[in-house]
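The values are calculated or read from the model by the stated rules, or taken from the named source; none is laboratory data. Remember, predicted model here, so these are calculated numbers, not experimental data. In this analysis, Cβ positions are derived from the backbone assuming ideal geometry, glycine residues included, and neighbour counts consider all displayed protein chains. All accessible areas refer to the heavy atoms of the entire protein, side chains included, with ligands and DNA or RNA removed. Shrake-Rupley method; radii C 1.70, N 1.55, O 1.52, S 1.80 Å.
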Amino acid sequence: MTAPLAPQYDPSAIEAPLYAWWQERGFYHADAHGEGEPYVIQIPPPNVTAVLHVGHGLNNTIQDVLIRFERMRGRRTLWLPGTDHAGIATQNVVEKLLAKEGLTRFDVGRDAFVARVWEFVNTTGGQILDQLKALGASCDWSRTYFTLDEGLSRAVREVFVRLYEQELIYRGKYIINWCPRCLTALSNEEAEKEETDGQIWHLRYPLADGSGSLVVATTRPETMLGDSAVAVHPDDPRYALLIGKHLRLPLIDRLIPIIGDDAVDPAFGSGAVKVTPAHDQTDFEIGKRHELEQIDILTPDAHINDNAPERFRGLDRFEARKRIVAEFTAAGLLEKLEPHRHAVGHCYRCGTVVEPRLSDQWFVKMQPLATPALAAYREGRISFIPERQGDNYAMWLENIRDWCISRQLWWGHRIPVWSCQTDGCTTTIVARDVPTRCTACGGTVVQDEDVLDTWFSSWLVPFSSLGWPDNTADLKAFYPGTTLVTAPEILFFWVARMIMAGLEFQGEVPFGTVYLHGTVRDTQHRKMSKSLGNGIDPLEVIDRFGADALRYTMVSGMAVGTDLILDPADLEASFAPGRNFANKLWNIGRFLLGHLEAGAVPVGDVPERELTLADRWILARAQETITTATLHYERFRLNDAAAAVYHFLWSDLADWYLEQVKPRLYGNHPGGETARAVAAHVFNVALRLLHPVMPFVTETLWKRLPGSAEAASISVAPWPVAADGRQDPAALIDFGALQAVVGAVRMLRAEYGVSPGATVNVTVADPSDAVRRAIAADSDAIRRLAKIAQLDVGLAPSEAGGAMVLEDQTMIIVPLGDLVDLEKECVRLGNEADKLEQLVRNQELKLGNENFVGRAPPAIIAKEREKLEGWRAQAATLREQRKALGCPD
RNA sequence: GGGCGAAUAGCUCAGCUGGUUAGAGCGCCUGCCUUACACGCAGGAUGUCGGGGGUUCGAAUCCCUCUUCGCCCACCA
């Protein structure tokens, strides 16, 4: 593992072997009996049939960053992975496979079908978990679960039975969302409302007594086949006299009453509503209040059934709509037609328009579970990032509706309810274990055909994955967990329900913090999706640029509460920041390691007096970086943490420190040992700070650093603490002055087109104290970095040269003789001076304003005065220089 | 119909509790194959901080309003 570094950074050569080594060494296995405060993240279990997409990439990168950070901080971390059986989704996949053979699930039968799904899952399922390994995910794979495992299934049955016994689970005939394609009930959350352009038809229904007619408005004319009344508002004067009369339903000739009900909005449409209790939620309720007949006119796959006149039977619901409208038109009963925009429910798995359908289903009574979940949030036991997501959570809980948990599928947890088959015996058995006989009459029992909603197993994951209902060591050690990282889309599906389940069955919230991150979108801000073809395959990105590049790019582009925009059409551009940075790190490592072959002494052993200004500066910067990066990681500001380390490594370490100490690293320079010690140390610190984001490169380089033997892997090395740097404000100031001097000379050189190889002479006039100290400390470095032959310090000379005034009013003059275009220099100096004088005038106005001086805090006023003096002096120096050069006024 | 968020350089975004000569990365321009890195080095340009009003000594930052995008929720047929 510690072969010399290849000259070229090649992520594909290092990442896979490194991951295998991490696994082999078991660094990410959590010990239930170990030391340290637990830190637990439950992975949002991906569908067992899923393949990694960029959304998973982002979600799991964030989790891995957090878990690696906390692991290095000494927490006993557990990142618990698993997969979800994903009832509808998985069943759909296998049904599609069957369809290729020309078969339906009904052709093969339930048992054979379920066996087929298991076979599919066992052979191809869970590949996403292997793909997560390519990403670098430091999960504890030894604990990997599947929601249909025996253990988790046992938890599901236990919960069902307990809730049933508390009368929180009930069965009943209600209007539910039905997917006519998946042939199952859906929960409210699974029926996604989408704004759709539709139409509203105004249909005329004649009164039975022939005394007139009444117009109803509907968006679904086909449901008129199931109408059992027309409702108006009881106080609507237009219809007051009609209440109690009957209408003759066109096309069918059924007599239906006109009723009064508060649910009707007199202002909408005609103020009269057709009531179809079997096909609409509101109508169902109206129907109950008025004891109306519930006429179901649709088959499960949404074709007209035998309750309708023969000519409509067998028609698809949308065909039927056309037919009905045509017949109304023909009969002169279509009053008018208007465009209408409204929300239509769609199946979240297949997109089919959902049908409100009357059927017998199992429900969980949610109110009693929601109350403690709301309280937990209000009392601060759960917090959301970004905070505003908490309002969403609370609002949903406040308006919670009962949860329809039965699904008419074959793939999933079978509902643990059996009914007696004996005539006259109505015994229902709800049991943890399969009963053999009816407990009342001893007759044979038959299990409910339905399975449970997938989320009925995933809401238990925070404890079921740890062995619940047994009181296992894992459960004791790792419940409650710590942080949950997921997308806002499943806040209600999963997050809120886990909180409810955790409180109900464990008496504690399952995690304290919920971090809801944004969505990955394309440059047109469209969500990435297969159907749009605008997706990014993370595996392709890993293949081309490496997992570290992918991770860095995602982390640095993801601020709290925002979406991540990437361009699928230009992966090169999208992932350049990460790739460039990884490459830069590699080369820093190559350079540094090349000079560390003889080893390095611990920086603590270096006598204070041997530290040069640059050494002190980089140690001070290291300390600042440790502090800020740590704080940002703690606050979930991962992009800021990454940026802080990026800046330290690239700008501070590579661009300045390493350039500055190069001569000391070469050969047997007296300061060499110190430089090696400092460089090795700060690089070590920075690699550790970056490891959560870029685990592979950092590990590869870190292992080769002298002094890394303290830990077997950087991923279990201690997190840097402030004392690993050095507080040294003076070094920050003085090295800053050095940088300013070098920068000024470089600027002037570029301005005058001095050839890169040529040296120049420089006069530093009226140096500030900091500049004076910087020159005294390291004039060699200044001369080398700015390619200066002779560096003079003194009073401003009146010689022709390029000049520049630093913020601290030090004047930098590069006498360039013929190279200087005097006229151009005069203009440049003049412009600079003008700019400063404008600032001075504004500042004078500000400081002359009595309101400002009277009301602003003294500290601010002092600061503003200082600024004014600085600009004034800079401008004056520039004017002097112009005069010295003989510039015209 | 309610609720929420966003609008800052050509692009993607920082800018946390109001006081910076408004920043980063990518892209762009100029010059460099300087023996760690051209996926690089040095230098540079670019913004009436979406429009309008207000609060304040002072606003990219707070308030109102308008415009444009986006998200969530909702049984007005």
Sole exception among (1) more than 16 Å from RNA strand B (Cβ to nearest atom); (2) more than 19 Å from the chain's Cα centre (by Cα); (3) touching a residue at least 24 places away in the same chain (Cβ under 8 Å); (4) surrounded by fewer than 20 Cβ atoms within 10 Å (Cβ to Cβ) for residue A:543, by number:
(1)
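Right, residue A:620: farther than 17 Å from residue A:679 by Cα and among the small types (Gly, Ala, Ser) or not? Before you say what the answer is, go through the steps one by one.
Numbers: farther than 17 Å from residue A:679 by Cα: no; among the small types (Gly, Ala, Ser): yes.
It is false that residue A:620 is farther than 17 Å from residue A:679 by Cα and among the small types (Gly, Ala, Ser).
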If residue A:474 passes every condition in (1) under 28 Å from residue A:377 (Cα atoms); (2) acidic (Asp, Glu); (3) in contact with a strand residue (DSSP E or B) (Cβ under 6 Å, 6 or more places away or on another chain) but one, which one does it miss?
(3)
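Inside segment A:378-450, counting only strands (runs of 3 or more DSSP E) that do not spill past its ends, which hold 2 or more residues that are away from RNA strand B (no atom under 16 Å from the Cβ) and open to solvent by 20 Å² or more (accessible area, probe 1.4 Å)? Give the steps one after another, and end with the answer.
Working: elements: A:383-385, A:417-420, A:428-430, A:445-447.
Qualifying strands (runs of 3 or more DSSP E): A:428-430, A:445-447.
Residues are listed down the side, and each one gets a yes or a no for (1) open to solvent by less than 20 Å² (accessible area, probe 1.4 Å); (2) farther than 30 Å from residue A:452 by Cα:
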residue	(1), (2)
A:328	yes, yes
A:340	no, yes
A:357	no, no
A:361	yes, no
A:368	no, no
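Please pick out the residue among A:881, A:843 that is open to solvent by less than 20 Å² (accessible area, probe 1.4 Å), touching a helix residue (DSSP H, G or I) at 6+ places or on another chain (Cβ under 7 Å) and within 10 Å of RNA strand B (Cβ to nearest atom).
On the way: A:881 fails: within 10 Å of RNA strand B (Cβ to nearest atom).
Sole residue among the options that is open to solvent by less than 20 Å² (accessible area, probe 1.4 Å), touching a helix residue (DSSP H, G or I) at 6+ places or on another chain (Cβ under 7 Å) and within 10 Å of RNA strand B (Cβ to nearest atom): A:843.
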Can you name the number of the only condition in (1) assigned to a helix (DSSP H, G or I); (2) open to solvent by less than 40 Å² (accessible area, probe 1.4 Å); (3) closer than 24 Å to residue A:774 by Cα; (4) within 16 Å of RNA strand B (Cβ to nearest atom) that residue A:833 fails?
(3)
Is it the case that some residue within segment A:214-232 is within 18 Å of residue A:337 (Cα to Cα) and basic (Lys, Arg)?
yes
(1) more than 19 Å from the chain's Cα centre (by Cα); (2) crowded, with 17+ Cβ neighbours inside 10 Å; (3) in contact (Cβ under 8 Å) with a residue 60 or more places away in the chain: which one isn't true of residue A:502, the others all being true?
(3)
Could you tell me whether any residue of segment A:309-318 is on the phi > 0 side of the Ramachandran plot, open to solvent by 10 Å² or more (accessible area, probe 1.4 Å) and without any contact (Cβ under 8 Å) to a residue 40 or more places away in the chain?
yes
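Do you know which of the residues in segment A:1-41 that are of a type in the set (Val, Ile, Thr) and in contact with a helix residue (DSSP H, G or I) (Cβ under 7 Å, 6 or more places away or on another chain) is surrounded by the most Cβ atoms within 10 Å (Cβ to Cβ)?
The qualifying residue surrounded by the most Cβ atoms within 10 Å (Cβ to Cβ) is A:40.
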Would you please list the contacts, defined by Cβ atoms under 6 Å and residues six or more apart or on different chains, that run from a residue in segment A:279-302 that is modelled with pLDDT of 90 or more and away from RNA strand B (no atom under 13 Å from the Cβ) to a residue that is in a helix (DSSP H, G or I) and of a type outside the set (A, V, I, L, M)?
A:295/A:226; A:297/A:226; A:302/A:317
For residue A:77, indicate whether it is β-branched (Val, Ile, Thr), touching a residue at least 24 places away in the same chain (Cβ under 8 Å), open to solvent by less than 20 Å² (accessible area, probe 1.4 Å) and touching a Pro at 6+ places or on another chain (Cβ under 8 Å).
yes
Given (1) touching a Ser or Thr at 6+ places or on another chain (Cβ under 8 Å); (2) buried (at least 17 other Cβ atoms within 10 Å of the Cβ), identify the lone condition not met by residue A:230.
(1)
Exactly one condition in (1) assigned to a loop (DSSP other than H, G, I, E, B); (2) closer than 30 Å to residue A:346 by Cα; (3) not hydrophobic (A, V, I, L, M, F, W, C) is not met by residue A:222; state its number.
(1)
Are any residues in segment A:728-756 at pLDDT 90 or above and polar (S, T, N, Q), and if so, which ones?
A:739
Could you tell me how many of the residues in segment A:554-574 are part of a loop (DSSP other than H, G, I, E, B) and either within 6 Å of RNA strand B (Cβ to nearest atom) or touching a helix residue (DSSP H, G or I) at 6+ places or on another chain (Cβ under 7 Å) (or both)?
7
As an exercise: evaluate residue A:865 against (1) under 16 Å from residue A:809 (Cβ atoms); (2) surrounded by 15 or more Cβ atoms within 10 Å (Cβ to Cβ); (3) within 50 Å of the chain's Cα centre (by Cα) and give the number of the one condition it does not meet.
(2)
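Within segment A:4-56, how many residues turn out to be in a loop (DSSP other than H, G, I, E, B) and of a type outside the set (D, E, K, R)? Steps first, answer last, please.
First, pick out the residues of segment A:4-56 that are in a loop (DSSP other than H, G, I, E, B): A:4-10, A:26-37, A:43-46, A:48-53.
Going one step further and asking which of them are of a type outside the set (D, E, K, R), we end up with A:4-9, A:26-30, A:32-34, A:36, A:43-46, A:48-53.
Final tally of qualifying residues: 25.
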Tell me which of these residue A:758 doesn't satisfy, since it passes every other one: (1) surrounded by 17 or more Cβ atoms within 10 Å (Cβ to Cβ); (2) in a loop (DSSP other than H, G, I, E, B); (3) of a type in the set (A, V, I, L, M, F, W, C).
(1)
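Residue by residue through segment A:405-445, note down the ones that are small (Gly, Ala, Ser) and modelled with pLDDT of 90 or more.
Pass one, segment A:405-445, residues small (Gly, Ala, Ser): A:406, A:412, A:419, A:424, A:431, A:440, A:442-443.
Answer for segment A:405-445, where residues must be small (Gly, Ala, Ser) and modelled with pLDDT of 90 or more: A:406, A:412, A:419, A:431.
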Can you give me the ranges of the helices (runs of 4 or more DSSP H) entirely in segment A:603-692 with at least 1 residues that are touching a Leu at 6+ places or on another chain (Cβ under 6 Å) and in contact (Cβ under 8 Å) with a residue 40 or more places away in the chain?
A:613-634, A:638-646, A:672-690
Determine whether segment A:597-605 contains at least one residue that is within 15 Å of RNA strand B (Cβ to nearest atom), surrounded by fewer than 18 Cβ atoms within 10 Å (Cβ to Cβ), within 41 Å of the chain's Cα centre (by Cα) and farther than 26 Å from residue A:558 by Cβ.
no
Could you please let me know if residue A:635 is open to solvent by 20 Å² or more (accessible area, probe 1.4 Å), touching a strand residue (DSSP E or B) at 6+ places or on another chain (Cβ under 9 Å) and within 16 Å of RNA strand B (Cβ to nearest atom)?
yes
List the pairs whose first member sits in segment A:397-416 and is among the charged types (D, E, K, R), whose second member is open to solvent by 40 Å² or more (accessible area, probe 1.4 Å), and whose Cβ atoms are under 7 Å apart, counting only residues at least 6 apart or on separate chains?
A:401/A:188; A:402/A:365; A:414/A:447
Any chance segment A:176-193 includes a residue that's surrounded by fewer than 19 Cβ atoms within 10 Å (Cβ to Cβ) and over 30 Å from residue A:416 (Cα atoms)?
yes
Pairs, please: C-beta under 7 Å, at least 6 apart or cross-chain, first residue within 18 Å of residue A:875 (Cα to Cα) and in segment A:842-863, second near RNA strand B (Cβ under 6 Å from one of its atoms) and open to solvent by less than 90 Å² (accessible area, probe 1.4 Å)?
A:843/A:867
